[in-house]
Every structure is written in C-alpha cells, then in structure tokens.
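Below is one structure; the comments refer to it alone.
The values are calculated or read from the model by the stated rules, or taken from the named source; none is laboratory data. Every value quoted in this text rests on a predicted model; they were computed, and no experiment measured them. Cβ sites come from the backbone with ideal geometry, for glycine too, and all protein chains shown count toward neighbours. All accessible areas refer to the heavy atoms of the entire protein, side chains included, with ligands and DNA or RNA removed. Shrake-Rupley method; radii C 1.70, N 1.55, O 1.52, S 1.80 Å.
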Amino acid sequence: MTDLPPDLPRLRTLETWLALTLDQVRAAIAAAEQRDAERQHGEQTRPPAPDWLLELGLNRDSPPVQVHAGGCWNAGKRSRGIAREEALRALADGVKACGACRPDTELGFLG
C-alpha cells in the first residue's frame with residue numbers, strides 16, 4: 001500500500017520530520033494570512049485619490065508645471081493632490097492645463 005518503513009525507529013524519525021515540516025507549513029500559512037490581512041487593511045484605509053493634481057517643477061524653487069485631473073495618466077511623479085480652489089487659482093496664475101485630461105474644461109475655467 002504505502003512505501004513506509006516497517007521498523008519503529010524509522011517510523012518515529014519520519015513522524016518527527018513530518019511534525020517539523022507541518023509546523024513550518026503552518027508558520028508559512030500564518031505569515032501569508034498576516035500579509036493578506038495587512039494588505040486588505042491598507043486597501044480599506046487608503047485615502048481617496050485627489051480630484052486634482054499639481055505637477056511640481058524639478059526643484060523646490062521651480063514654478064508648478066501643469067494642473068491635472070486626479071486620475072490623469074499623464075501626471076508626473078512630482079505631483080501632489082490639491083483642492084478645486086487651488087487648481088483654479090493655479091490655472092488663473094498661468095500654470096498650464098494638461099492637454100490629456102483637460103482639467104480647465106472639467107473645472108469650467110475660462111482663462
């Protein structure tokens with residue numbers, strides 16, 4: 001039926017090995033469940049995406065580059081979320097509106 005050894009010492013050795021392996025598997029399962037719980041918690045507590053983005057210049061002294069809608073694919077890595085009023089103010093101050101997401105149109109900005 002099985003390929004188990006017939007003698008008691010080897011069966012006990014096999015039992016010990018299986019018990020240790022089972023402990024390792026259970027520890028790996030617990031770690032995976034913890035990672036999954038942390039990921040789910042992170043997704044549930046993540047703040048909502050901003051409605052508007054301001055793409056900043058290359059350094060802190062550079063003026064802003066563009067205004068984007070919140071989900072714009074064209075927003076650069078140096079973007080930060082801003083409120084509607086700040087987006088309107090930036091457009092009024094001459095910051096360029098993104099040509100891909102057209103935040104000026106979405107904001108109703110007639111500049």
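Pop out the carbon and sulfur fraction of the accessible area of the chain as a percent, whole number, probe 1.4 Å.
Ligands and nucleic acids excluded, carbon and sulfur reach 56 percent.
Using Cα atoms only, what is the angle between the long axis of helix 8-45 and the major principal axis of the chain, expressed in degrees (0 to 90) to the nearest 10?
Orientation of helix 8-45: about 10 degrees from the principal axis.
Please list the non-local residues whose amide H lies under 5 Å from the amide H of Gln66, H modeled 1.01 Å from N, same-chain partners needing a gap of 5 or more.
Those lying under 5 Å, H to H, from Gln66 are Glu55.
Express the relative contact order of the chain as a whole percentage, based on alpha carbon pairs under 8 Å and six or more residues apart in sequence.
Relative contact order, the chain: 20 percent.
In Å², and per residue, what accessible area does the chain have when probed at 1.4 Å with the other protein chains present?
Using a 1.4 Å probe on heavy atoms only, each residue of the chain averages 77 Å².
Add -39500 (n - 2.57) for each DSSP H run of 4 or more in the chain, then divide by its residues: what number comes out at 222 nm, to the nearest 500 deg cm²/dmol?
Result for the chain, helices only: -16000 deg cm²/dmol.
Count neighbours as other Cβ atoms within 10 Å of each site's Cβ, and list the trypsin sites (Lys or Arg not before Pro) in the range 68-111 that are DSSP loop with at most 16 such neighbours.
Details: sites: Lys77, Arg78, Arg80, Arg84, Arg89, Lys96; in loops: Lys77, Arg78.
Answer in residue order: Lys77, Arg78.
For Trp52, list long-range residues whose amide hydrogen, built 1.01 Å from N in the peptide plane, is under 5 Å from its own amide hydrogen.
HN-HN under 5 Å from Trp52: Gly70, Ile82.
For the chain, how big is Rg over Rh, using alpha carbon atoms and the Kirkwood form of Rh?
So for the chain, dividing Rg by the Kirkwood Rh gives 1.54.
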